[in-house]
Amino acid sequence: MFSQIASEWPDFATYYNMLFLAQAAGTTLALSALGVVLGSLLGLALAVTRTTRGRLLAPLRTLAFTFTEIFRRVPFLVTLMLAFFVFQMFFADTSLFVVAAVTTTLIAAAFLSEIIRGGLNSVHPNQWEAAAAMNFSLLQTIRHVVLPQAWRIILPPAFGFFVLFIKDTALASQIGVVELTYAGKVLNNKGFSPALAFGAILIIYFLISYPLARLGAALEARLASSRHHRS
Amino acid sequence: MHHLDITALEARYGAHTVLSGINLSVGRGDVIGLIGPSGSGKSTILRVLMGLLPPGSGSIKLDGVAVNYANAREVRRLRDRIAIVFQQYNLFQNMTVLQNVTITPIKIKKRPKAEVEEEAKALLAKVGLADKFNSYPDQLSGGQQQRVAIARALALRPEILLLDEVTAALDPELVSEVLDSIRLLAKEGMTMMIVSHEMGFIREVASRVVFMASGKIVEEGPAAQIFDAPTQARTQDFVSKILRH
């Protein structure tokens, strides 16, 4: 296998192929980043909505609950296909990348909202009560009191999810988005051996995913040490 | 006119009535001691006053004006005037001592930071914690945490301070440092409602003692009357039990 890869390598390592891979990696990175950033924001909004009480916001709560439960249960690929056909029907000239980005955002939001909600719920009720007694609004309570305490609970599973999520963006290849997995298939079809084509893809996935995991670990360590004394 | 007037107040947790027919008046500078067996509704009165539990019926008037607890804005205005200290301190765990005291005046009341911090440091010094500004709550003893909580409540500049069993969660040797702080406030004329099982302390600082049982006020009067010459059988029973040990 290695001798075969070595013999293919000069043809493989051309400027055009490298550019193609770099662009595909950029697409994977962009899909992941959009999903993670927009998904986190939307997920936070969903989680906060679900912590509210009172009848006035009950419809919003139901909406947030339904959204979360549906998108966590439907397979990524099915959501992607659904989004693809909905866009085809109503906004036919939308780019495939946008369709994929919307889908990844929806799914990331659903999963992250549950992770964030778990974090918010882990903060002792007496913290909420003290904030309420001092006239904190819901958002002020979340921002100043609850989130700073919930990070430590939220970060480990959130980064675990991010790492899984980067791999899941591969499914965007199914609707024709030229991201890493799609690029692997193209190179394979061009005649390069699967070991070389997908081996290269594997390494790039690793290069994207590993620093993210390290970042997660570093953040966790920092949060732990900022609470110094308790060991 | 009384500062605070509670009339025919009722409250329930679900189907369970926890307060019924409470009538209580508090004047400026009064220190009301609320005593009674567990589950008698003492703490519930404070929770209802703070808007943490909606009243079922009856009225609560501040300076003669009835508070509508269903109206969020009125509750906010009320919480600008009344502060509470909880049994479990409820300090914000993610903030230092100083931040705990200053966050509400700065972020919620939008007062100037420098002025608030100066005042907060003075309040912390007053409760004997001048050297703990930068500590986190979990680095402090329970008694120290509770004194921070008192400073935090005072930083809100309340007209009335509610103290909900503030020494009940403390180790016995830490109780007196907290009581000293409260004693100081009483001397300064702070209007307070104190729920406590520290009978000796209540007897000393309370201008009026209210004995409650089963969600009702059984008897109220000067400390000497309640502790030495109670007129109601239930009060006599309660007082004789607590004095026996």
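No value in this document is a laboratory result; all are computed from the given coordinates. Source: prediction; values computed, not measured. Backbone-built Cβ (ideal geometry, glycine too); neighbour counts: all protein chains shown.
Rounding to the nearest 20 debye, state how big the charge dipole of segment A:2-230 is about its Cα centre with +1 on each Lys and Arg Cβ and -1 on each Asp and Glu Cβ.
Values: 16 positive and 9 negative charges, 183 e Å.
The calculated dipole for segment A:2-230 is roughly 880 debye.
Average partner chain C-beta neighbours within 10 Å, per residue of A:142-150?
On the way: counts 0, 1, 8, 5, 2, 1, 4, 4, 1.
Counting Cβ atoms of other protein chains within 10 Å of each residue's Cβ and averaging gives 3.
Cβ under 10 Å from B:Gly21's Cβ, B:Gly21 left aside: what net charge do those residues give with Lys, Arg +1 and Asp, Glu -1?
Details: positive: B:Lys216; negative: B:Glu10.
It works out to a net charge of 0.
For B:Gly56, which sequence-distant residues (separation of 5 or more, or a different chain) have an amide H within less than 5 Å of its own amide H, given hydrogens modelled in the peptide plane?
Close amide H contacts, sequence-distant or interchain: B:Glu10, B:Ala11, B:Arg12.
From the C-alpha coordinates alone, can you work out the Kirkwood hydrodynamic radius of segment A:2-230, in Å? All intermediate terms of the calculation are to be shown ahead of the outcome.
Details: mean 1/r = 0.0504 Å⁻¹.
One over the average 1/r among Cα pairs gives 19.9 Å for segment A:2-230.
Determine the relative contact order of segment B:1-95: mean sequence separation of Cα pairs under 8 Å and six or more apart, normalised by residue count, in whole percent. Display every interim value, and only then the final one.
On the way: 132 pairs, mean separation 29.2, N = 95.
31 percent.
Along the Cα→Cβ direction, 7 angstrom out, place labels at A:Val163 and B:Ala229. What is the inter-label distance in nm?
Spacing of the two 7 Å Cα→Cβ label points: 7.7 nm.
How much net charge surrounds B:Arg81 when only the other residues with a Cβ under 13 Å from the Cβ of B:Arg81 are counted, with Lys and Arg +1 and Asp and Glu -1? Write down the numbers at each step before the final one.
On the way: positive: B:Arg28, B:Lys61, B:Arg76, B:Arg77, B:Arg79, B:Lys109, B:Arg157; negative: B:Asp63, B:Glu74, B:Asp80, B:Glu159.
With Lys, Arg at +1 and Asp, Glu at -1, the neighbours total +3.
So, in Å, what gap is there between the alpha-carbon centers of segment A:79-153 and segment B:4-25?
Using only Cα atoms to place each centre, the spacing works out to 40 Å.
Can you give the charge dipole size of chain B about its Cα centre, rounded to the nearest 20 debye, using +1 on the beta carbon of Lys and Arg and -1 on the beta carbon of Asp and Glu? Could you put the intermediate results ahead of the total?
Details: 29 positive and 26 negative charges, 150 e Å.
Taking the Cα centre of chain B as origin, the dipole is about 720 debye.
Which of B:Gln93, B:Pro158, B:Ala130 sits closest to the plus end of the dipole of segment B:88-245, meaning its Cα is farthest towards the positive end, when Lys and Arg get +1 and Asp and Glu get -1 on the C-beta?
The one lying farthest along the dipole's positive direction is B:Pro158.
Per residue of B:87-97, how many C-beta atoms from partner chains lie within 10 Å of its own C-beta, taken as a mean? Please list the in-between numbers first.
Details: counts 1, 4, 2, 10, 3, 9, 8, 13, 4, 0, 0.
Per residue, the number of nearby Cβ atoms from other chains is 5 on average.
So which trypsin sites (Lys or Arg not before Pro) in segment B:89-163 pass both tests, a DSSP loop state and at most 13 other Cβ atoms within 10 Å of the Cβ? Each step should come with its number before you reach the end.
Details: sites: B:Lys107, B:Lys109, B:Lys110, B:Lys113, B:Lys121, B:Lys126, B:Lys132, B:Arg147, B:Arg152; in loops: B:Lys109, B:Lys110, B:Lys132.
When the trypsin sites (Lys or Arg not before Pro) of segment B:89-163 are filtered for loop state and at most 13 Cβ neighbours within 10 Å, B:Lys110 remain.
Which ³J(HN,Hα) values, rounded to whole Hz and listed in residue order, are derived for segment B:188-194 from phi using the Karplus coefficients 6.51, -1.76 and 1.60 in 6.51 cos²θ - 1.76 cosθ + 1.60 with θ = phi - 60°, glycine and proline given as x?
7, x, 5, 6, 9, 10, 10
Under the rule of at least 5 residues apart or a separate chain, name every residue whose amide H is placed under 5 Å from the amide H of B:Ser135.
For B:Ser135, the qualifying residues are B:Val97, B:Leu98.
Quick one: go through segment B:1-24 and flag any residue whose amide nitrogen is under 13 Å from the point 7 Å out along the Cα-to-Cβ line of B:Lys61.
Only B:1-8, B:24 pass the distance filter.
Using a simple charge model, +1 on the beta-carbon of Lys and Arg, -1 on the beta-carbon of Asp and Glu, nothing else, what dipole does segment B:44-159 show about its Cα centre, in debye to the nearest 20?
On the way: 18 positive and 10 negative charges, 60 e Å.
Roughly 280 debye for segment B:44-159.
Averaged across A:133-141, how many Cβ atoms of other chains sit within 10 Å of each residue's Cβ atom?
Numbers: counts 15, 17, 11, 5, 3, 0, 0, 4, 0.
Averaged over the peptide's residues, the number is 6.
Using alpha-carbon pairs under 8 Å, 6+ residues apart, how would you state the relative contact order of chain A in percent?
Numbers: 219 pairs, mean separation 63.8, N = 231.
Dividing the mean separation by the residue count of chain A yields 28 percent.
Please compute the modelled spin-label separation between B:Leu184 and B:Asp138, points set 7 Å along Cα→Cβ, answer in nm with one decimal.
It works out to 2.8 nm between the two label points.
What distance in nm separates the simple spin-label points at B:Glu118 and A:Leu77, each placed 7 Å from Cα in the Cβ direction?
6.9
Pairs B:Lys61/B:Lys110; B:Lys126/B:Lys187; B:Lys42/B:Lys241; B:Lys42/B:Lys126; B:Lys42/B:Lys121; B:Lys61/B:Lys216: which are spaced more than 24 Å apart, C-alpha to C-alpha? Could the numbers behind the result be given before it?
Values: B:Lys61/B:Lys110 27 Å; B:Lys126/B:Lys187 13 Å; B:Lys42/B:Lys241 18 Å; B:Lys42/B:Lys126 28 Å; B:Lys42/B:Lys121 32 Å; B:Lys61/B:Lys216 19 Å.
Going by Cα-Cα distance, B:Lys61/B:Lys110; B:Lys42/B:Lys126; B:Lys42/B:Lys121 fall outside the 24 Å limit.
Can you find, among B:Thr17, A:Asn188, B:Ile202, the residue sitting farthest towards the positive end of the charge dipole of the protein assembly as shown, where Lys and Arg contribute +1 and Asp and Glu -1 at Cβ?
B:Thr17
Calculate the FRET efficiency for B:Ala125 and B:Ala70 from the Cβ-Cβ distance with a Förster distance of 41 Å, rounded to the nearest 0.05. Could the numbers behind the result be given before it?
Details: r = 41 Å, r/R0 = 0.99.
After rounding to 0.05, the efficiency reads 0.50.
Quick one: give the max-minus-min coordinate of the C-alpha atoms of the protein assembly as shown along each principal axis, largest first, in Å.
Over the protein assembly as shown, Cα extents along the principal axes are 104, 49, 43 Å.
Taking the Cβ of B:Val31 as the centre, find all other residues whose Cβ is under 12 Å away and add up their charges (Lys, Arg: +1; Asp, Glu: -1).
Numbers: positive: B:Arg28, B:Arg183, B:Lys187, B:Arg203, B:Arg208; negative: B:Asp30, B:Glu188, B:Glu204.
Here the charged neighbours net out to +2.
Residue-wise, which Karplus ³J(HN,Hα) couplings in Hz belong to segment A:75-80, taking 6.51 cos²θ - 1.76 cosθ + 1.60, θ = phi - 60°, and x for glycine or proline?
Per residue, the Karplus-derived 3J(HN,Hα) values read x, 3, 4, 5, 4, 4 Hz.
Would you please give the FRET efficiency between B:Arg157 and A:Ala22, computed as 1/(1 + (r/R0)^6) with r the Cβ-Cβ distance and R0 = 45 Å, to the nearest 0.05?
Values: r = 61 Å, r/R0 = 1.37.
Efficiency computed from Cβ-Cβ geometry: 0.15.
Using amide H atoms built in the peptide plane, which far-off residues or other-chain residues are under 5 Å from B:Met192 H to H?
B:Asp30, B:Val31, B:Ile32, B:Leu161
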